[in-house]
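Bear in mind that the values in this text are calculations on the coordinates, not laboratory data. Please read all numbers here as calculations on a predicted model, not as lab measurements. So basically every Cβ, Gly included, is an ideal-geometry build from the backbone, and we count neighbours across all protein chains shown.
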């Protein structure tokens, strides 16, 4: 055979095994990811269903509309903090310009840019199912999720190799829980992206330290500290990841004191301006959420409804709360990491000594961050799989990487079969990780809205019945602020507190409506309504037509199946607004 033919065949073979094969594989993965994304966003998606996500979304819209970091979700406790902190006497509080000091700022700020693109569709209409704002917020989170997977591919590639990075990325991509969070509007996907970047910076710092490049090491540590600062601005509980990382960094990097202080300084440079702003607004640099660790009830049932906050009056043991929450997290850990068997194998991988020094050391960094995060989450509530305080989900990609590496080591030691059986084994692991995703996709959409308790078109009608200079009290003020675009007061603990705010005009916008939904109506009759947190509101929650002494005397039942009801100062649903 002529040498020219050999060269041609060699080139073709190289193309087939190299660039061409890479393009084919990459194209197939891209098509798969796009198809799954479209199925989730346009088939599975029924709108936002998390109160914190709606809360952040309406803050983002306020930012986009030029109102700054303000909220329409007004908590009685926030009213107390705000008014109590103001040095001068304030007769009325403007609810249309009420500053938020509960949510972390980064996710709403990013979403505000996306919401500007659909400014003409901000007003909720009966035909918008789901609401265009819901879909835009979910789309941003989904794009962030896919970017995060790309970053984590680079992290795992640096830890191990390209093949394992591909396997771990596939195990993460087929995890249904990650897709569900990408549709939730919660900041977890943003934290996942920043966490990946911080991990990448840490690996570069480890590499530079191994080469005795002190300046480069310090630079990467400063970058990692800044990224952890951004993570904290995306979700306050991400601070605990920084605590775990700082412990590792202080032990691993030399000189220990200087390396740690450089990272800490970068972290503080990022978070301090927001802490100062929050202190100026409410008198506590950590905002309203600081009080959450001292109460055992969900925020909307407990301290946020109080007209005054006292830590000593919570009546709980912080130590007992942490202990109980630790048990809850560990008991449901497999579900909290998305039923991903590769991610679950991470805890077995801790007992294996990897040949790569970076991998062997970095797994302890990951463990330190996870342990610290578990403790931080234990100070708060909300350990359902889809919870705003659920941070286990952001560890899935890195857990899956170490878990997959460990499973491959075990497989190689079995010396069973050849390359074909190895491919079958890897495919089986990825398939098992993706079973929940397949169940979700093949089950189809269950309903068109997140009912109960949300009926966005009905909530949107409140914006037609009430003017911009009016407010509505509700058991779901986050949804009223988001869909109706009206300031909404969370039901105070007692009707007496409501009457005080209403009768003495403590707010610039009069509270002319009370919107009750299954959030209060579907509670347990005796333990929650008659004897629990809603006992003072029981006459209205149980739907009698009239209650003596309550100023909102007009009422009407609303869909679905009359489970929602609106009380108002007058008949606003059958009379035109001009009759006011």
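Please report the antiparallel percentage of the DSSP beta bridges confined to the chain, to the nearest 5.
Antiparallel: roughly 50 percent of the beta bridges in the chain.
Given the peptides 169-181, 526-538, 340-352, arrange them by the average over their residues of other C-beta atoms within 10 Å, most packed first.
Per-residue Cβ counts within 10 Å, averaged per peptide and sorted highest first, yield 169-181, 340-352, 526-538.
When the helices in the chain are scored as -39500 (n - 2.57) per DSSP H run of 4 or longer and the sum is shared across all residues, what 222 nm value do you end up with, to the nearest 500 deg cm²/dmol?
-18000 deg cm²/dmol
Is segment 337-453 best put as rounded, prolate or oblate by its Cα gyration tensor, with a ≥ b ≥ c the root eigenvalues, rounded for a/c under 1.5, and otherwise prolate when a/b is larger than b/c, oblate when not?
It is oblate, given that a/c is not under 1.5 and a/b is not larger than b/c.
With each label point set 7 Å from Cα along the Cα-Cβ vector, what nm distance links residue 570 and residue 34?
If labels sit at residue 570 and residue 34, their model points lie 5.6 nm apart.
Quick check: residue separation of residue 414 and residue 531 times 0.36 nm, minus the Cα distance between them. What number comes out in nm?
Gain on stretching residue 414 to residue 531: 36.0 nm.
Could you check the simple spin-label distance between residue 330 and residue 129, using points 7 Å along Cα→Cβ, in nm with one decimal?
Taking the two extended label points, one gets 4.6 nm.
Name the shape class, rounded, prolate or oblate, that the alpha-carbon gyration tensor gives for segment 188-292, where a ≥ b ≥ c are the square roots of its eigenvalues, rounded holds for a/c under 1.5, and otherwise prolate holds if a/b is larger than b/c and oblate otherwise.
Because a/c hits 1.5 or more and a/b exceeds b/c, segment 188-292 counts as prolate.
Pick the calculated mean projected area of the Cα convex hull in nm² for this structure from (1) 28.8; (2) 35.2; (3) 32.6?
(3)
How high is the relative contact order of segment 161-298, in percent, counting Cα pairs under 8 Å that sit 6 or more residues apart?
For segment 161-298, the relative contact order is 18 percent.
In vacuum, with every alpha carbon of segment 456-579 counted as one equal point scatterer, what does the Debye formula give for log10 I(q)/I(0) at q = 0.10, 0.14 Å⁻¹? Two decimals, please.
Each listed q corresponds, in turn, to -0.28, -0.56.
Using a basic spin-label model with each label point 7 Å from the Cα along Cα→Cβ, how many nm lie between residue 431 and residue 162?
Between residue 431 and residue 162, the label points sit 2.7 nm apart.
In what sequence, highest mean first, do 183-195, 218-230 appear when ranked by Cβ atoms within 10 angstrom?
Top to bottom by mean Cβ count within 10 Å: 183-195, 218-230.
Can you tell me, using C-alpha contacts under 8 Å and at least 6 residues apart, the relative contact order of the chain as a whole percent? All intermediate terms of the calculation are to be shown ahead of the outcome.
Values: 901 pairs, mean separation 108.8, N = 580.
Taking the mean separation of contacting Cα pairs over the length of the chain, I get 19 percent.
Please work out how much length the chain gains when fully extended from residue 561 to residue 499, using 0.36 nm per residue of separation minus the C-alpha to C-alpha distance, in nm with one decimal.
My answer for the length gained is 19.4 nm.
Relative to the present Cα-Cα distance, how much length would full extension add between residue 422 and residue 117 at 0.36 nm per residue of separation?
105.0 nm
Over segment 343-400, what is the mean sequence separation of C-alpha contacts under 8 Å (at least six apart), divided by residue count, expressed as relative contact order in percent?
About 47 percent, as a whole number.
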